[in-house]
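> Starting off with a structure, shown below.
Throughout, read-outs are computed from the coordinates displayed, never taken from laboratory work. All values reported here derive from a predicted model rather than from experimental measurement. Cβ sites come from the backbone with ideal geometry, for glycine too, and all protein chains shown count toward neighbours.
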Amino acid sequence: MTLVHNFPFFCILLCMAAGIFTSVLKPKAAKALTFVVAGTVLVLSALTLRLTLQLEEAYPFIMGHFPAPWGNEIRIGRLEALMATGFSAVLLISLLAGMWHTSNFVSEQKTNLYCIMIDLALAAVLVLIYTNDLFTVYVFIEIMTIASCALVVVRQNGHTLVATTRYMIMHLFGSGLLLLGIAMLYGITGHLLMVPLHEAVVNIVQTGEHMGPLTVVIALITAGLAIKSAMFPFHGWAPDTYAFAPPLSSAILSGIISTAYIFVLIKFFCRVIGLDVIISQQITPFLFVCGVSGMIIGSIMAISQRDIRRMIAYSSVAQIGYIYLGLGIGTKAGVEAALFQMLVHAAVKSVLFLSTYELVNVSGDHKHFRYLHGAGYRNVPAGIVFTIAAMSMVGIPFTGGFIVKLNLAISGIAIGGWVRALVLIALALSTLLNSVYFLHTVVSIYRRPAQELDYPKPEKTLPVVAVALFTSVLLIIYLGIGSEPILRVIETGLKTFS
Amino acid sequence: MWQLLYENLEQTVAVILFGIGFSILLLQRNLIRKIIGLNIMDTAVYLFLASMGYISGRKAPIVVDGVTQTTAYINPIPAGLVLTGIVVSVSFTGIMLALTIRLYRRYHTLDIDEIAMLARGEDA
Amino acid sequence: MSKRRSDWESRPQARFRKWYKEGFLALDNEIIDHLTRTTELPENIEDRLIAQQEEMTSRQHERTLALERLDQYNMLAWARTRGRKAISRLYVILALALGAMMIFFLLETVALMPRFGDPATPGANIVSERYITKGLEETGATNIVAGMILDYRAFDTLGESTVLFIAASAVLILLRIDRNKDGSPVQELIAAESDDRHYEPRNDRILQGSAMILTPIIFLYGIYIILNGHLSPGGGFSGGAIISAGLILYLDAFGFDKAGRFFTYKTFTWVSFFSLSFYALAKAYSFYCGANNLPSGIPLGTPGAILSGGLIMPLNIAVGMVVACTMYIFYALFRKGGL
């Protein structure tokens, strides 16, 4: 085991140690430490990705002196390293673009607590990506839930308190269902590590004993994780939470944290249960229907919003619907499309929230559309960035969103029958609805206002912010043009994932 | 089926309590009652988990007199899982109670629907 | 002979009779009348300020203001009266149906689960067999569960301590009242402190007497449970909770001034920091050695002795201190927004 093999473990430990260390730091030092941690995690994850591209198989890293199934372990493969690199890149860009405005939302003495939450959220995301044990998944999902709750409520006004309460109640439902599912699965198999658990599940399916409880377990865990990632019927907490939180928190929450829960679900499906059992138990039609409904109803609700942040929050619900559509198609190609959409969603959604904040900032802090006329001229970088991100959401070629919709359509066509028709109709309808509200927004920020409204003079946009936003634009365009290598990594990674 | 449920009595009671706690968390409008429902729900899951470790006729997993045969002790794994779960539940209860205190100080009511209505009137 | 006592109304027999005759509503109305009876303002100027404050920010005032605002919207007025009743009744029925359906499906599942107490359960497999047979010689702890959570599956316990730490930080974000930049207190802090002083038990002889006897015993018991975590049931979490109970009893009996002599906010910050850092670094060393097949060089000691089990006893001490500090800071934050 060379040093590079240890890098994922170092990343996790670095984030947790940084979180503990930040509790005694002053605000400036805390922010600097968060930047350093995010940058280091990005570099180490990229090196891990390079290592896993040279290896054939995924390798386990034993946490302690005892191998599975007696001790805990994490497992590092291509797919995990790619997701870790993608998420930490998005986090670094969001921090560079959004950390400078936190003084408007967070009081100065609580800034170090805010940075603790960001560090520990990153640690939890990394553990969820790499882990190979079901109970570790539960514990670190709880850490992520508490961290996201605190990320929202650090802005102290009535709206965030109510939104956080609703958020916590729904997430506590999800955690309860998840824990009951894990307890039952332990009861019928006796293992907690994922690889022995898979053998026990195969045994159960073959002998047919305890098959009923296995179905209920799959249903419980799927329902728990679906509530936590804002799938369609359970999305009630999402619009308020994303709209009223500080923009950096919304970017991290909707871009990284909500998608990490879906990655755990994919890991559970592929590694613990096996995709064939999932399809035979008819779980995928349910996910398909919820995904399609989420796409359409999320977009319809977004059209009727007058507040720009709520509009973007509802479009976030629609984008999560795309991921569940990909999962619901039920083939490997569908899962690959879903994973690629996770990366694109992380990149685009975070930059949408941050550029929206910049536009709102130069419009006298008003969030309604009629005050945002001409904001694209008052803040040129933010306007361009918002336009390109909106183009990706709609699915215009040369952006990442286009490749996502193309892959979803291809995987839907490959099945045939009414699934094919439904996928194509849903994609077309949702693209149309997306364009209604996104292109409308882009047009209105570039419209000359009817009468010159008097806005207070905003603070100047820092060059770092502009550079970070442009970097994310380059990332979106790269995902649109050069997506072939990434798709190939996802495909080969998914083969060794289970 | 009643005979099977009676044999697994602990798990039956745990599941009924889970449903009751779930319904309380869903239905009650008072915030303190919701938190109590959350605690009932979590405790029910720990009862379920702990009941899976017991094997009749064996003792608690503390090694006495150097006896280390498997037939002498019950399964120690669920006990460890319940330990972790209890700490997580306490943390969540603390956070929910702190949120309730802040909401009460601001809106002077514990009814979640009234609070939502009052908050809607404020400007963002 | 049948003359009634002067306190007949408050005796249980009278209350039962009243409930029997008139139902719960009469009892509730009696309590409401008793509570809303106007009391005269107290003499103390601090208490009078608090009473004024309470009156000014009373619930009725805010509610009428808010409802006046909402009355502008007809839709909401209908929703408040008729529509809301229908929708909430439908909501209750649907939610009850959902709960009942869920209980029914889960009961069906329980009927198909492995039998309780069966020696052939799936849980009694090679994993638990190794924990029981080889746990003592591999971890050095007589308590198999402590050996399991702090040695075999130590990563989950690290996550659990992090959950406690992050919950304390979240409650700090919500409830801590910060001072101004130059250290002078804010209006909110003054109000919270005077509020707390108003309700705090002051020089209560019974409480102080019993706390003087009980607190040392509670601390001693908590320390015993932490130190013996690897030999008998107990461990860092339970011991830490007991120590925090002792601290809270002391705080209640003697007040913040006396408790602040040995436990300030700085104490909490630095104790948590050092304990958690020690835990994280010790476990990082253990994981690194384990994954790279290096011997870790920590002696396991003789089983049954206090100094045995390798790292388990120091980790229990660290966890115990973190839990004690966290529970105590929860209590102090709930009472007056800080230490």
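> In the neighborhood of C:GLU160, defined by Cβ-to-Cβ distances under 14 Å, what is the net charge if each Lys or Arg adds +1 and each Asp or Glu adds -1?
Net charge around C:GLU160: -1.
> Would you list which lysines come within 29 Å of C:LYS134, measuring only between C-alpha atoms, while excluding same-chain residues fewer than 8 positions from it?
B:LYS59, C:LYS283
> I need the chymotrypsin sites (Phe, Trp or Tyr not before Pro) found in the stretch C:232-332, filtered to DSSP loop residues with at most 13 other beta carbons within 10 Å of theirs.
C:PHE262
> Ok, one more. Which whole-number percentage describes the relative contact order of the stretch C:252-321, with Cα contacts under 8 Å and a sequence gap of 6 or more?
After rounding, I find 30 percent.
> Please give every one of the lysines within straight-line cross-link reach of A:LYS367, meaning a C-alpha to C-alpha distance under 17 Å, and leave out same-chain neighbours fewer than 8 residues apart.
The reachable lysines, counting only those whose Cα sits under 17 Å from A:LYS367, are A:LYS457.
> Okay, moving on. Work out the charge dipole of chain A with +1 on the Cβ of Lys and Arg and -1 on the Cβ of Asp and Glu about the Cα centre, then indicate which of A:SER258, A:TYR114, A:LEU408 is farthest towards its positive end.
Selected residue: A:TYR114.
> Tell me which aspartates and glutamates have Cα within less than 17 Å of C:LYS266's Cα, excluding those fewer than 8 residues away on the same chain?
Reachable aspartates and glutamates: C:ASP178, C:ASP257.
> For a 23 Å ceiling on Cα separation, which of these pairs sit above it: C:LYS21/C:LYS85; A:LYS26/A:LYS349; A:LYS31/A:LYS460? Kindly include the intermediate steps, with their values, before the conclusion.
On the way: C:LYS21/C:LYS85 30 Å; A:LYS26/A:LYS349 31 Å; A:LYS31/A:LYS460 21 Å.
Pairs exceeding the cut-off: C:LYS21/C:LYS85; A:LYS26/A:LYS349.
> Can you pull the one-decimal nm distance between simple spin-label points at A:TYR478 and C:GLN208, each 7 Å off the Cα toward Cβ?
Calculated label separation equals 6.9 nm.
> Okay, moving on. With unit charges on the beta carbons (Lys and Arg positive, Asp and Glu negative) and the dipole taken about the Cα centre of chain A, which residue among A:LEU474, A:LEU55, A:PHE386 sits farthest to the positive side?
Farthest towards the positive pole: A:PHE386.
> Test of understanding: extend the Cα→C-beta vector of A:LEU55 to 7 Å, then name every residue of the stretch A:192-228 with backbone N under 18 Å from that spot.
A:194-196
> For C:HIS61 and C:GLN187, what is the calculated FRET efficiency with R₀ set at 30 Å and r taken between the beta-carbons, to the nearest 0.05?
So, using R0 = 30 Å, E works out to roughly 0.90.
> At what distance in nm do the modelled label points of C:THR269 and C:GLU137 sit from each other, each positioned 7 Å from its Cα along Cα→Cβ?
The two pseudo-label positions are separated by 5.0 nm.
> Looking only at Cα atoms, what is the convex hull volume of chain A per residue, in Å³?
133 Å³
> Per residue of B:13-24, count partner chain C-beta atoms within 10 Å of its C-beta, then hand back the mean as an integer.
What the average comes to for B:13-24 is 5.
> What average count of beta carbons from other chains do you get within 10 Å of the Cβ of residues in B:109-116?
Averaged over the peptide's residues, the number is 3.
> Separate question: Calculated FRET efficiency, C:LEU300 and B:LYS59, Cβ-Cβ r, R0 22 Å, to nearest 0.05?
Values: r = 24 Å, r/R0 = 1.08.
Calculated value: 0.40.
> Starting from the Cα of C:TYR285, step 7 Å along the direction of its Cβ; do the same at A:VAL289; then give the gap between the two resulting points in nm.
Between C:TYR285 and A:VAL289, the simple spin-label model gives 5.7 nm.
> Same structure again: Nearest 500 deg cm²/dmol is fine: what mean residue ellipticity at 222 nm does chain B get from its DSSP H runs of n ≥ 4 alone, each adding -39,500 (n - 2.57), divided by its residue count?
Helices in chain B give a 222 nm mean residue ellipticity of -23000 deg cm²/dmol.
> Would you kindly state the longest site-free stretch of chain A, with sites defined as trypsin sites (Lys or Arg not before Pro) in a DSSP loop (not H, G, I, E, B) surrounded by at most 15 other Cβ atoms within 10 Å?
The reported range is A:1-305.
> If you don't mind, another one. Given a Förster radius of 35 Å and the C-beta distance between A:PHE35 and A:ILE303 as r, what FRET efficiency does 1/(1 + (r/R0)^6) yield to the nearest 0.05?
Values: r = 38 Å, r/R0 = 1.08.
Efficiency, rounded to the nearest 0.05: 0.40.
> When the helix-only estimate is applied to chain A (DSSP H runs of n ≥ 4, each -39,500 (n - 2.57), divided by the residue count), what is the mean residue ellipticity at 222 nm, nearest 500 deg cm²/dmol?
Calculated at 222 nm, the ellipticity per residue is -24500 deg cm²/dmol.
> Continuing with this model, one more query. Using only Cα atoms, locate the centre of the stretch C:132-192 and the centre of the stretch A:388-461, then give the distance between them in Å, rounded to an integer.
44 Å
> So what are the three principal axis dimensions of chain C from its Cα atoms, in whole Å, longest to shortest?
Principal-axis extents of the Cα atoms in chain C, largest first: 77, 63, 59 Å.
> For a paramagnetic label modelled at 7 Å from the Cα of A:ALA421 toward its Cβ, which residues of the stretch A:286-301 fall within the zone defined by backbone nitrogen distances under 17 Å?
Counting only backbone N, you get A:289.
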